[in-house]
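Enquirer: Let me give you the structure first, and then I'll get to my questions.
The values are calculated or read from the model by the stated rules, or taken from the named source; none is laboratory data. Every value quoted in this text rests on a predicted model; they were computed, and no experiment measured them. Don't worry about glycine lacking a Cβ; one is built from the backbone with ideal geometry, like all the others, and counts go over all protein chains shown.
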Amino acid sequence: MSTTTHDDFQAHGGHEHHQQSFAARWLMSTNHKDIGTLYIIAAFVGACVGGVLSMIMRLQLMYPHNHIVTSGTEWNAIITAHGLIMIFWFVMPALIGGMGNWFVPLMIGAPDMAFPRLNNMSFWFLVAGFVFVMLGLLLGTGTGAGWTLYPPLDNAQYSPGVATDFTLFSIHLVGISSLLGAINFIATILNMRAPGMTMHKMPLFCWAILVTAFLLVLAIPVLAGAVTMLIMDRNFGTSFFEPAGGGDPVLFQHLFWFFGHPEVYIMILPAFGIISHVVSTFSKKPVFGYLGMAYAMVIIGFVGFLVWAHHMFVSAISTDSRIYFEVATLVIAVPTGIKVFSWIATMWGGSIEFKTPMLWAVGFIFLFVIGGATGVVLANAPLDQELHNDYFLIAHFHYVLSMGAAFAIFAGFYYWIGKMTGHPYPEFWGKVHFWTFFIGVNLTFFPMHFLGLAGMPRRYPDYADAFAGWNYVSSIGALISGASTLVFFYVLYRIFTSKEALADNYWGEGATTLEWAVPSPAPQHTFLDVPVIR
Amino acid sequence: MKRGNLSALFGLSLLFLFAHAAAAQSADPTAAADAYVNAPHAWQMWLPVPGSPMEAQVDWLMRYVLWIMTGVVAFVGVLMVYVFIRFNARANPVPGTVTHNTLIEILWITIPSLLLVVIIVPSVKMILYQADDSNPYMTVTVTGHQWYWEYNYNAVPGLDYSSYMIPDAQIQPGEIRRLSVDHPMVLPVGEKIRFVITSGDVLHGFYLPSLGVQKYAIPGTTLTSWTIITKPGTYFGQCNQICGLGHDAMPIEIKAVPLADYLAWTKQALATYTDNTVPPSPVIRPQLPLKLADAAN
């Protein structure tokens with residue numbers, strides 16, 4: 001095994017791992033790097049499934065009165081699965097389980113995660129959850145309540161059949177997976193930092209994962225409670241959300257968004273962390289305003305728990321609540337602004353090299369600012385009364401997710417893939433991937449602002465003919481993004497067939513965190529001798 | 001037959017047709033709404049033409065906030081382009097080391113905070129305006145159902161009817177596919193109308209973009225909103241909260257007419273379709289047998 005030399009190089013023996021069978025290494029893994037790799041593979045599968053669903057959706061919407069999707073039921077099942085899969089089985093495993101597992105221990109100089117077996121368990125819960133969410137898509141008529149799962153549409157009366165139960169249980173499974181992973185990250189980061197690495201010297205990606213982990217620990221149980229109540233309503237005759245039995249559907253909306261809004265930051269904070277490292281590395285400058293950057297994330301995480309009902313401006317909330325939730329939501333723009341301006345200040349005075357990871361990072365910053373700007377628009381309750389649930393909202397959250405989180409995932413991928421595999425990515429094809437994806441997603445999502453302003457509601461398989469023009473443009477953009485993904489497959493092929501080897505620190509002077517002190521690829525066991533940070 | 005006779009006959013029949021149409025028109029109290037149609041149009045890039053003072057305010061606030069945010073995005077964009085040109089590796093081979101600047105860090109907290117205050121002040125004023133549904137001229141209770149809307153005119157006892165989308169296959173010239181309905185809601189112009197919105201089954205969304213109205217329809221609860229329609233005409237809306245397989249097939253059509261016409265219409269409507277006796281047109285997504293040829297069209 002190729003890692004032998006590195007282990008010998010580090011003179012740490014650890015020979016028992018060299019005889020590991022495939023099953024022992026990959027099915028029963030307790031190694032943070034192997035589990036990280038498994039998470040990244042899972043995220044890849046999730047992204048492919050979610051991506052195929054989005055291609056079906058865009059093909060259906062390419063023309064009005066189209067019949068790619070044969071019924072409203074089928075359409076609703078597709079949109080529900082697309083949302084859930086992209087969030088829980090693509091963005092989260094890629095950023096938290098994948099890159100978090102791989103690089104948090106490396107960056108803090110720890111030999112592994114605090115609870116290696118728990119780490120394995122949290123991964124396999126994710127896989128089980130994926131099986132369940134796919135059953136929710138494919139069994140019977142599928143789950144058609146949208147990813148927000150609002151009752152009464154998903155109660156036993158309006159969504160009979162087992163599909164919805166499978167989807168609800170898949171939320172439980174992926175929730176347990178995230179929760180265990182989060183506990184593991186908190187324990188690791190708080191207890192296993194190398195001597196000398198104080199909290200205020202810890203790399204920003206670790207700060208990001210730490211804040212994210214706290215958000216998960218606080219938010220996931222609330223979702224689990226809400227989902228449990230739904231399951232009880234569906235199967236055991238309770239009426240938590242049934243008006244006829246004294247329940248209230250609005251209660252579910254509160255519980256869901258008390259989880260759902262922190263979830264937004266759960267997806268974007270790790271992205272912030274990656275972007276900080278990439279920007280700093282390729283500007284060959286330390287991050288500007290490190291403490292401001294770290295505490296901006298803490299503030300975003302904290303305030304993120306106090307703004308949930310801005311998703312309910314046109315639901316049953318009082319006028320005073322609308323004023324409070326609007327103001328609280330707008331406050332988040334300030335720490336987010338600190339992050340954006342600090343990234344620019346990091347580049348300021350730097351010596352910037354536009355390698356592929358840097359392209360994704362600056363693409364992230366600019367497009368995230370656009371998504372943030374439309375976020376400020378939507379935070380205005382009076383404007384939300386016009387734009388709520390229409391395509392302006394779809395454009396907004398895809399700018400922060402499909403262009404925010406996804407761009408950061410690709411930035412991290414190109415930044416660290418050499419460390420993970422020991423082989424470089426092809427620079428030219430990486431840039432082709434970036435530019436085609438950049439053009440594709442902008443063409444897909446920018447016209448959606450116009451559709452939203454014109455009043456096109458979301459979750460429609462067919463629409464008034466007046467909306468046809470921009471929908472067509474948007475679908476062309478989606479096809480370009482799809483083609484761009486094929487370029488990415490080719491990049492993967494080139495990486496895994498490459499014979500080229502990489503130095504420990506292949507980015508040079510700008511890359512200063514601890515993962516660049518170990519060989520590429522990182523050996524199975526690192527930091528068995530605890531490094532000391534001065 | 002001679003050519004002259006033929007044209008005379010033709011002229012006569014035309015005259016008859018026009019007379020017939022005129023008679024039909026005078027019998028339809030909602031005819032005034034046909035003069036102006038406020039519907040989305042192809043390649044539309046901005047909000048609908050405001051049909052109510054509330055939508056006019058939404059339009060104003062939207063421009064106000066969007067201009068501020070466009071300024072912010074443009075500022076960040078220009079800053080980034082400058083950094084890319086001035087500080088790329090060729091132009092600046094030796095990187096600097098500055099990582100702190102207290103003044104600029106204070107500035108990029110205070111300036112965005114001030115911008116937020118500038119946004120919040122008119123926005124909060126408008127929240128209060130939107131919430132003020134007091135002293136309406138009339139109230140319509142709107143109930144969402146899978147997949148049609150039910151309108152109950154509180155001041156006209158017995159006037160309660162259902163409104164279904166016209167199926168794609170039955171669209172007539174002048175109707176709009178996916179927006180036109182069999183029995184529109186008829187409202188007087190210039191009067192304050194209060195909507196009391198609820199649902200008979202799952203969540204729905206009562207969404208009228210050109211009037212600036214949107215509220216969820218929630219079973220077991222009523223939400224209120226209001227509007228004043230400024231001009232006679234036809235206005236459209238759609239269900240905007242996922243409600244099952246017919247979610248895209250329950251639009252809202254409003255015919256706004258002068259008060260006298262509205263009153264005439266209530267009498268006619270009471271006589272012809274009280275107590276939900278309007279024969280419901282069973283409309284859901286057309287269950288067409290699916291062939292590849294269909295998809296190609």
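Enquirer: If you check every pair at least six apart or on different chains, which have Cβ atoms under 6 Å apart with a residue in the stretch A:225-252 that is closer than 17 Å to A:Thr148 by Cβ and modelled with pLDDT of 95 or more first and a residue that is among the β-branched types (Val, Ile, Thr) and crowded, with 22+ Cβ neighbours inside 10 Å second?
Expert: Close Cβ pairs (under 6 Å, with a partner that is among the β-branched types (Val, Ile, Thr) and crowded, with 22+ Cβ neighbours inside 10 Å) amount to A:Val227/A:Ile171; A:Pro249/B:Ile218.
Enquirer: Of the conditions (1) of a type in the set (Val, Ile, Thr); (2) over 30 Å from A:Ser239 (Cβ atoms); (3) surrounded by 24 or more Cβ atoms within 10 Å (Cβ to Cβ), A:Thr198 satisfies every one except a single condition; which number is it?
Expert: Condition (3) is where A:Thr198 drops out.
Enquirer: Follow-up. So how many residues does the stretch B:105-127 have that are free of Cβ contacts under 8 Å to residues at least 12 places away in the same chain and more than 7 Å from chain A (Cβ to nearest Cβ)?
Expert: 8
Enquirer: Further question on the same structure: Name the residue, out of B:Gly190, B:Gly174, that is under 21 Å from B:Pro29 (Cα atoms), touching a Ser or Thr at 6+ places or on another chain (Cβ under 8 Å) and not in a strand (DSSP E or B).
Expert: After ruling out the rest, the residue left standing is B:Gly190.
Enquirer: Right, something else. Find the residue count for the stretch B:59-106, including only residues that are of a type in the set (Lys, Arg) and either surrounded by 12 or more Cβ atoms within 10 Å (Cβ to Cβ) or assigned to a helix (DSSP H, G or I) (or both).
Expert: Residues that pass the stated criteria total 2.
Enquirer: Select the helices (runs of 4 or more DSSP H) contained entirely in the stretch A:327-436, then report the ones holding at least 2 residues which are within 11 Å of chain B (Cβ to nearest Cβ).
Expert: A:333-347, A:356-379, A:381-387, A:391-400
Enquirer: For the stretch B:128-153, what are the residues that are away from chain A (no Cβ under 14 Å), without any contact (Cβ under 8 Å) to a residue 40 or more places away in the chain and surrounded by fewer than 19 Cβ atoms within 10 Å (Cβ to Cβ)?
Expert: B:Asn152
Enquirer: Against the conditions (1) without any contact (Cβ under 8 Å) to a residue 60 or more places away in the chain; (2) within 30 Å of A:Leu149 (Cβ to Cβ); (3) under 18 Å from the mean Cα position of the chain (by Cα), where does B:Val202 fall short? Just the number, please.
Expert: Looking at each condition in turn, B:Val202 falls short on (3).
Enquirer: Moving to a separate point now. When residues of the stretch B:199-224 are filtered for being surrounded by fewer than 24 Cβ atoms within 10 Å (Cβ to Cβ) and either basic (Lys, Arg) or more than 8 Å from every other protein chain (Cβ to nearest Cβ) (or both), how many remain?
Expert: Total satisfying the criteria: 3.
Enquirer: For the stretch A:153-168, how many residues are touching a Gly at 6+ places or on another chain (Cβ under 9 Å) and buried (at least 19 other Cβ atoms within 10 Å of the Cβ)?
Expert: The number of residues fulfilling the criteria is 9.
Enquirer: Here's something else I'd like to know. State whether one or more residues within the stretch A:445-463 are away from chain B (no Cβ under 14 Å), surrounded by 19 or more Cβ atoms within 10 Å (Cβ to Cβ), more than 30 Å from A:Asp112 (Cα to Cα) and in contact with a helix residue (DSSP H, G or I) (Cβ under 6 Å, 6 or more places away or on another chain).
Expert: Yes, the conditions are met somewhere in the stretch A:445-463.
Enquirer: In the stretch A:314-326, how many residues are in a helix (DSSP H, G or I) and more than 9 Å from chain B (Cβ to nearest Cβ)?
Expert: Here the count works out to 4.
Enquirer: How many residues does the stretch B:225-247 contain that are out of contact with any Cys (no Cβ under 8 Å at 6 or more places or on another chain) and not in a strand (DSSP E or B)?
Expert: Counting residues in the stretch B:225-247 that are out of contact with any Cys (no Cβ under 8 Å at 6 or more places or on another chain) and not in a strand (DSSP E or B) gives 11.
Enquirer: Could you check, for the stretch A:461-468, whether at least one of its residues is in contact with a Phe, Trp or Tyr (Cβ under 6 Å, 6 or more places away or on another chain), more than 20 Å from B:Trp46 (Cβ to Cβ) and not in a helix (DSSP H, G or I)?
Expert: Yes, because at least one residue in the stretch A:461-468 is in contact with a Phe, Trp or Tyr (Cβ under 6 Å, 6 or more places away or on another chain), more than 20 Å from B:Trp46 (Cβ to Cβ) and not in a helix (DSSP H, G or I).
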